[in-house]
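J.: Before anything else, here's the structure in question.
The values are calculated or read from the model by the stated rules, or taken from the named source; none is laboratory data. This one's a predicted model, so the numbers in the text were calculated from it and none came from an experiment. Note that each Cβ is placed from the backbone with ideal geometry, even for glycine, and that neighbours are counted across all protein chains shown. Note: accessible area is taken over every heavy atom of the protein model, side chains too, but ligands, DNA and RNA are not part of it. Shrake-Rupley method; radii C 1.70, N 1.55, O 1.52, S 1.80 Å.
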2 protein chains.
Amino acid sequence: MQRIANLLMIKDDHVLLLKKPRRGWYVAPGGKMEPGESIYEAACREFKEETGATPIAPHLKGIYTMVITDTAGETIEDEWMLYTFIARDLTGIPYETTTEGVLEWHPVESLATLPMAEGDRTNLQFAISQSGTQYGTFYYTKEFKLLKEVIQKSVEG
Amino acid sequence: MQRIANLLMIKDDHVLLLKKPRRGWYVAPGGKMEPGESIYEAACREFKEETGATPIAPHLKGIYTMVITDTAGETIEDEWMLYTFIARDLTGIPYETTTEGVLEWHPVESLATLPMAEGDRTNLQFAISQSGTQYGTFYYTKEFKLLKEVIQKSVEG
């Protein structure tokens, strides 16, 4: 089962997003965990590889079960785990363009309107605006149309 | 890849542990995630199934990459993810014996000395005594001897 870790950098009320060439959708920098890595190591390594910069004090904000189903939402065709971190500072200056797409700083408010997977919008907005940890399952079609989301959250007791 | 969620219940300075018959080792109640579940749903469902009681306000404290290697620690033979929650209250009265083993309340301090996997000791002691979230990788032999642990942690920024 695939495990993906990503990291949303927020600094001076702007977030660092990667615009992917295929659909023009924005994502937080991230990628696949390697064998034996922790999710923390994977999020830091992927952020460095994709941006050239180093996150300071990243913290896990969300853990999501990602499910791809047929159009009717009845048969599970693929499933993977997504771990979303946030960090509020970095060292180094991020690249502007990479092999993965274009890196851009956007005002935090634009997370509400920039083109992206609808589940990512839920996750990234939670990460920057609420305390605690979010969990959930996102059901998508193969074309990445969101069919359903089921969300839980908790805060430290 | 297997995903395991467990939940440490702590109440009145006692923790609820399951004594497994095979080695006599203690574990926090838990088990395998089902397809499409979130890790939160899995931790709650497994706790209920194994104890008969319902956790109140569980919160994720640790996410671990579990690696089984050959005795030399060089070849990865299996890998799975462990998600450890904590809760500080419950409804219902836990079973005393189950098909999985015997359920016992122990003083918190006994986590330092009860027989258990050494990685579990690290995880459970973190969960009850420190704030924030812990990450890491535990390398075990097939006989569940801990070869190495690599740990990171973070707190909400």
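J.: Hey, can you grab everything whose amide H is under 5 Å from the amide H of residue B:79? Only 5+ residues off in sequence or another chain; H modelled, so Pro and N-termini drop out.
T.: B:68
J.: Please find, in a Gaussian network model of chain B (springs between Cα atoms separated by less than 10 Å), the residue of B:114, B:103, B:16 whose mean-square fluctuation is greatest.
T.: With Cα springs under 10 Å in chain B, the top fluctuation among B:114, B:103, B:16 is at B:114.
J.: Helix A:118-129 against the longest principal axis of chain A: what's the angle in degrees, Cα atoms only, rounded to the nearest 10?
T.: 50 degrees
J.: In cubic angstrom, how much convex hull volume per residue do the alpha carbon atoms of the range A:28-81 span?
T.: Details: hull volume 5.7 nm³, N = 54.
Measuring per residue, one finds 105 Å³ for the Cα hull of the range A:28-81.
J.: For the range A:7-102, what is the accessible area per residue in Å² when the probe is 1.4 Å? Can you show the working numbers first?
T.: Details: 4170 Å² over 96 residues.
Accessible area per residue, the range A:7-102: 43 Å².
J.: Between exposed GluC sites (Glu not before Pro) in chain B, where DSSP calls loop and at most 13 other Cβ atoms lie within 10 Å, what's the longest gap? The partial results should precede the final answer.
T.: Working: sites that count: B:74, B:96, B:143.
For GluC sites (Glu not before Pro) (loop position, at most 13 other Cβ atoms within 10 Å), the longest site-free span of chain B is B:1-73.
J.: So for chain B, if I pair up every lysine 8 or more residues apart or on another chain, how many of those pairs have alpha-carbons under 25 Å apart?
T.: 29
J.: Tell me: how much accessible area in total is hidden between B and A, 1.4 Å probe, Å², nearest 100? Each step should come with its number before you reach the end.
T.: Values: alone 8280 and 8260 Å², together 13940 Å².
Summing both chains' loss of accessible area gives about 2600 Å².
J.: State, to one decimal in nm², a quarter of the convex hull surface area for the C-alpha atoms of the protein assembly as shown, i.e. the direction-averaged projected area.
T.: Details: hull surface 66.7 nm².
Projected over every direction and averaged, the Cα hull of the protein assembly as shown covers 16.7 nm².
J.: Please compute, for the alpha-carbon atoms of the range A:64-157, the extent along each of the three principal axes and give them in descending order in Å.
T.: Principal axes ranked by extent give 45, 42, 22 Å for the Cα atoms.
J.: What relative contact order, as a whole-number percentage, does chain B give when Cα pairs under 8 Å and 6 or more residues apart are counted? Display every interim value, and only then the final one.
T.: Numbers: 358 pairs, mean separation 43.3, N = 157.
Relative contact order of chain B: 28 percent.
J.: Take the alpha carbon atoms of the range A:55-123, find their center, do the same for the range B:53-70, and report the distance between the two centers in whole angstrom.
T.: 23 Å
J.: For chain B, modelled as a GNM with alpha-carbon contacts under 10 angstrom, which of B:36, B:92, B:132 fluctuates the most?
T.: B:36
J.: When the accessible area of each residue in the range B:52-69 is compared between its chain alone and the complete protein assembly (1.4 Å probe; ligands, DNA and RNA ignored), which residues differ by at least 10 Å², being lower in the assembly?
T.: B:58, B:59, B:60, B:61, B:63, B:65
J.: Determine one quarter of the surface area of the Cα convex hull of chain A, which equals its mean projected area, and express it in nm² to one decimal.
T.: The orientation-averaged projected area of the Cα hull of chain A comes to 9.5 nm².
J.: Okay, moving on. Would you mind checking the tilt of helix B:39-51 against the longest principal axis of the Cα atoms of chain B, expressed as 0 to 90 degrees and rounded to 10?
T.: Computed tilt is about 60 degrees.
J.: Roughly how many percent of the accessible protein surface of the range B:85-157 is carbon and sulfur, given a 1.4 Å probe and a whole-percent answer? All intermediate terms of the calculation are to be shown ahead of the outcome.
T.: On the way: 2030 of 3740 Å².
C and S atoms contribute 54 percent here.
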